[in-house]
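Student: Pasting in a structure now, in structure tokens, and then I'll have a few things to ask.
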């Protein structure tokens, strides 16, 4: 084991070619994760609320659409967005944008079900009481249901975000220079230290993900749904 | 009619890739279930000699990306292996099992199977563990009161109930195994995603190539889902019906 290869390329692992080129490495992994986490959170809330508020045909269509994103591998969705986004918008979409769209759609589809489950877990009396007070369904949702349901959902949001951090590594397949891609670049250039390089890269991801996981456990304990 | 979609040659590539995906994910599901059960037992053991290594395994394998793990096994582990073992793994071995000959898999296949199994097992272990926790403590106490040995309590009381509780999430993990097998394309295994990419580059028929691959993935997931619903109806989880 010779970890000097890590020390010699440390800047490249962390930042990519930046500031002389585009941002890459672990920093780009973080940027991709944060942007997709926010976007998937918003999508999850919107579709989860839509699931809770719709009945009949609209509900089924929504379920089918979300089911589609949950049934296909992330790599397939990255292929699709890579190919379809430029056609849809008529502009060249950079690889980073493609990955963010794909990860947000998949993350949002999973979160929508958590949001729906969170809303459904409240006793129906909450809706009835809000209606009895003269609140509309929208007002009831905003003022009565969501303030109680959102804290319940926090752990599943964080767990989904851990999965998302790991999935940013799939940007590799379309050549986005995040941490995994940079690792294979260095590994191909140096030829002789793949073990050290991939151990180090795994450690960086491990730090990101386990930090998030610790947060999830702490939040879960605080809201009384203890895990583990 | 399929000729207009894609030439038979390319359809063949996709079907071949689908075969690799199905076989790989089936083998991974079986191996990871066995390993995951062992991990779960170690994790719930009272002795820290068992539970701490299991905790470490779960934490490391669940909190690092599968892609990096595959790269590690494919590039990294082969650099650590003794040369003789590597040569042995890379040379084809033939077994003639009367009915069908078993071909020695490629190193990509071995690394993919190994990496996917270790990753999936970590998730399956946690599903089993929540199943075990779902068995009411009174069940164990009652079995002990009836004079069951600890092993009998596990085999006859806890495990059958825990297995039924964890069946739906377990099937979810098998679906993940199917989807995650697509990552082995990054180490050069010619499974379905790899094949769809190949067909796309050769024919420029992007819709057909990705469309067929996507449909095959969805069909597989639907079949697992239906199998799960059928099993659930035959063996409802305890407490689901009285």
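Student: Here is a list of conditions, (1) facing chain B (nearest Cβ under 9 Å); (2) surrounded by fewer than 20 Cβ atoms within 10 Å (Cβ to Cβ), and residue A:173 meets all of them except one; can you say which number that is?
Tutor: (2)
Student: Still on this structure: In segment B:51-85, which residues are assigned to a helix (DSSP H, G or I), away from chain A (no Cβ under 13 Å) and modelled with pLDDT under 95?
Tutor: Residues satisfying the conditions are B:83, B:84, B:85.
Student: May I pose another question? Out of A:144, A:182, I need the residue that is away from chain B (no Cβ under 11 Å) and over 23 Å from the mean Cα position of the chain (by Cα). Which one? So that I can check it myself, show each step before the final result.
Tutor: Details: A:182 fails: over 23 Å from the mean Cα position of the chain (by Cα).
The match here is A:144.
Student: Does any residue of segment A:43-62 turn out to be surrounded by 19 or more Cβ atoms within 10 Å (Cβ to Cβ) and without any contact (Cβ under 8 Å) to a residue 40 or more places away in the chain?
Tutor: Checked against the condition, which is being surrounded by 19 or more Cβ atoms within 10 Å (Cβ to Cβ) and without any contact (Cβ under 8 Å) to a residue 40 or more places away in the chain, segment A:43-62 yields no hits at all.
Student: Filter segment B:126-156 down to residues that are touching a residue at least 60 places away in the same chain (Cβ under 8 Å) and either under 16 Å from the mean Cα position of the chain (by Cα) or buried (at least 21 other Cβ atoms within 10 Å of the Cβ) (or both), then give me how many there are.
Tutor: Final tally of qualifying residues: 4.
Student: Now for a different question. Among the candidates B:61, B:123, B:107, single out the residue that is closer than 17 Å to residue B:188 by Cβ and in contact (Cβ under 8 Å) with a residue 24 or more places away in the chain.
Tutor: B:107
Student: Can you find even one residue in segment B:104-116 that is out of contact with any strand residue (DSSP E or B) (no Cβ under 9 Å at 6 or more places or on another chain) and within 19 Å of residue B:221 (Cα to Cα)? So that I can check it myself, show each step before the final result.
Tutor: Going through segment B:104-116, the residues out of contact with any strand residue (DSSP E or B) (no Cβ under 9 Å at 6 or more places or on another chain) turn out to be B:105-116.
Checking the rest, the ones that are also within 19 Å of residue B:221 (Cα to Cα) come to B:116.
Scanning segment B:104-116, I find at least one residue that is out of contact with any strand residue (DSSP E or B) (no Cβ under 9 Å at 6 or more places or on another chain) and within 19 Å of residue B:221 (Cα to Cα), so the answer is yes.
Student: Here is a further query. For the structure I just gave you, tell me whether residue A:143 is touching a helix residue (DSSP H, G or I) at 6+ places or on another chain (Cβ under 8 Å) and either within 20 Å of residue B:119 (Cβ to Cβ) or surrounded by 19 or more Cβ atoms within 10 Å (Cβ to Cβ) (or both).
Tutor: no
Student: Among the residues of segment B:187-208, what is the count of those that are facing chain A (nearest Cβ under 9 Å), more than 12 Å from residue A:73 (Cβ to Cβ) and touching a helix residue (DSSP H, G or I) at 6+ places or on another chain (Cβ under 6 Å)?
Tutor: 2
Student: Hey, could you check segment A:79-97 for residues that are touching a helix residue (DSSP H, G or I) at 6+ places or on another chain (Cβ under 9 Å) and away from chain B (no Cβ under 14 Å) and say which is surrounded by the most Cβ atoms within 10 Å (Cβ to Cβ)?
Tutor: Across segment A:79-97, the extreme among qualifying residues is A:96.
Student: List the pairs whose first member sits in segment A:112-128 and is crowded, with 20+ Cβ neighbours inside 10 Å, whose second member is part of a loop (DSSP other than H, G, I, E, B), and whose Cβ atoms are under 9 Å apart, counting only residues at least 6 apart or on separate chains?
Tutor: none
Student: Does residue A:76 qualify as being within 14 Å of another protein chain (Cβ to nearest Cβ) and either surrounded by 14 or more Cβ atoms within 10 Å (Cβ to Cβ) or touching a helix residue (DSSP H, G or I) at 6+ places or on another chain (Cβ under 9 Å) (or both)?
Tutor: yes
Student: Yes or no: residue A:192 assigned to a loop (DSSP other than H, G, I, E, B) and either facing chain B (nearest Cβ under 10 Å) or in contact (Cβ under 8 Å) with a residue 40 or more places away in the chain (or both)?
Tutor: yes
Student: List the number of the failed condition for residue A:139; all other conditions in (1) in a helix (DSSP H, G or I); (2) within 13 Å of another protein chain (Cβ to nearest Cβ) hold.
Tutor: (2)
Student: Quick check on residue A:200: is it in a helix (DSSP H, G or I) and either touching a residue at least 12 places away in the same chain (Cβ under 8 Å) or more than 9 Å from every other protein chain (Cβ to nearest Cβ) (or both)?
Tutor: Answer is yes for this residue.
Student: Here's another thing I want to ask about it. Output yes when any residue across segment A:215-225 is within 24 Å of the chain's Cα centre (by Cα) and either at the interface with chain B (Cβ under 9 Å from one of its Cβ atoms) or not in a helix (DSSP H, G or I) (or both), and no when none is. Before the answer, list the steps.
Tutor: The first filter runs over segment A:215-225 and keeps only residues within 24 Å of the chain's Cα centre (by Cα), leaving A:215-223, A:225.
From the residues that got through so far, the ones that are either at the interface with chain B (Cβ under 9 Å from one of its Cβ atoms) or not in a helix (DSSP H, G or I) (or both) too are A:223, A:225.
Yes, segment A:215-225 contains at least one residue that is within 24 Å of the chain's Cα centre (by Cα) and either at the interface with chain B (Cβ under 9 Å from one of its Cβ atoms) or not in a helix (DSSP H, G or I) (or both).
Student: Follow-up question, since we're still on this one. May I ask you to verify whether residue B:211 is within 14 Å of another protein chain (Cβ to nearest Cβ) and either part of a helix (DSSP H, G or I) or at negative phi (or both)?
Tutor: So residue B:211 fits the description; yes.
Student: Determine whether residue B:166 is at pLDDT 95 or above and in a helix (DSSP H, G or I). Working first, answer last.
Tutor: Working: at pLDDT 95 or above: no; in a helix (DSSP H, G or I): yes.
In short, no.
The values are calculated or read from the model by the stated rules, or taken from the named source; none is laboratory data. None of these values were measured; they are calculated from a predicted model. Reconstructed Cβ throughout: ideal geometry from the backbone, glycine too, with neighbour counts over all protein chains shown.
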